[in-house]
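One structure is given below, encoded as structure tokens.
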Amino acid sequence: MLVTQAMSRDVLSIGPAHTLRQASALMSRRRVGAAVVVDPDAHGYGIITERDVMSAVGAGLEPEVETVAGHLTRELVFADPAWSIGDAADAMVRGGFRHLIVVEGGEVCGVVSVRDIVRVWTKSATGASRSVS
């Protein structure tokens, strides 16, 4: 199975000036664990995850004051939609993260998460006609 078949195409995009409270509320409302951060003044994309928000709050920082810009990850590994989900899982394990932004032609086309991979592997293991590789 390919990343393009497992990824979520409905990507939550936010700006770096959003507060952590705003980011977490948007992620919660959309039931996603990450948001792609788009900064028109910076090159490339970033990502903010539920883990980033939790770390900031756990450190005693104020989510109403702290902005996404101070807590996002900019050094990213991007997935290609033509990767196998096994390739995506390997990249996640090597990098120690749970989400990959999927990029095609320099544009974000989706996000694939550990949850997406487990979902398709589980369907495959329970008799669905999908191939894992």
Subject >> Matching entry among Ala35, Ala88, Ala25 (being modelled with pLDDT of 95 or more, surrounded by fewer than 17 Cβ atoms within 10 Å (Cβ to Cβ), on the phi < 0 side of the Ramachandran plot and not in a loop (DSSP other than H, G, I, E, B)) >> reply: Ala25
**OP:** Go through the range 91-108 and count every residue that is farther than 16 Å from Ser8 by Cα and either open to solvent by 60 Å² or more (accessible area, probe 1.4 Å) or not in a helix (DSSP H, G or I) (or both).
**Re:** 6
Original post:
Restricting attention to the range 109-133, and to residues there that are assigned to a helix (DSSP H, G or I) and in contact with a Ser or Thr (Cβ under 8 Å, 6 or more places away or on another chain), which single residue is modelled with the highest pLDDT?
Top reply: Asp116
**OP:** Pairs only if they're at least six apart or on different chains, beta carbon under 8 angstrom, first in the range 69-95 and within 16 Å of Arg51 (Cα to Cα), second open to solvent by less than 70 Å² (accessible area, probe 1.4 Å) and among the charged types (D, E, K, R); list them, first residue then second.
**Re:** Ala69/Asp39; His71/Asp52; Leu72/Asp52; Thr73/Asp52
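Could you run through the range 40-71 and say how many residues are in a loop (DSSP other than H, G, I, E, B), open to solvent by less than 50 Å² (accessible area, probe 1.4 Å) and either in contact with a Phe, Trp or Tyr (Cβ under 8 Å, 6 or more places away or on another chain) or at pLDDT 95 or above (or both)?
First pass over the range 40-71, keeping only residues in a loop (DSSP other than H, G, I, E, B): 40-44, 59-66, 71.
Next, from what is left, pick out any that are open to solvent by less than 50 Å² (accessible area, probe 1.4 Å): 42, 44, 63, 71.
This time we only want the ones that are either in contact with a Phe, Trp or Tyr (Cβ under 8 Å, 6 or more places away or on another chain) or at pLDDT 95 or above (or both), so: 63, 71.
Selection size over the range 40-71: 2.
Please go through the range 72-85 and give me each residue that is of a type outside the set (Lys, Arg), over 26 Å from Val120 (Cα atoms) and open to solvent by 70 Å² or more (accessible area, probe 1.4 Å), ordered by number. Step through it out loud before you land on a result.
Residues of the range 72-85 of a type outside the set (Lys, Arg): 72-73, 75-85.
Right, trim to over 26 Å from Val120 (Cα atoms) and you get 72-73, 75.
Selection gives Glu75 alone.
The values are calculated or read from the model by the stated rules, or taken from the named source; none is laboratory data. These numbers come from a predicted model, not from an experiment. Cβ: placed from backbone, ideal geometry, glycine included. Neighbour counts: every protein chain shown. Ligands, DNA and RNA are stripped out before the accessible areas are found, and what is left, the full protein with its side chains, is counted by its heavy atoms. Shrake-Rupley method; radii C 1.70, N 1.55, O 1.52, S 1.80 Å.
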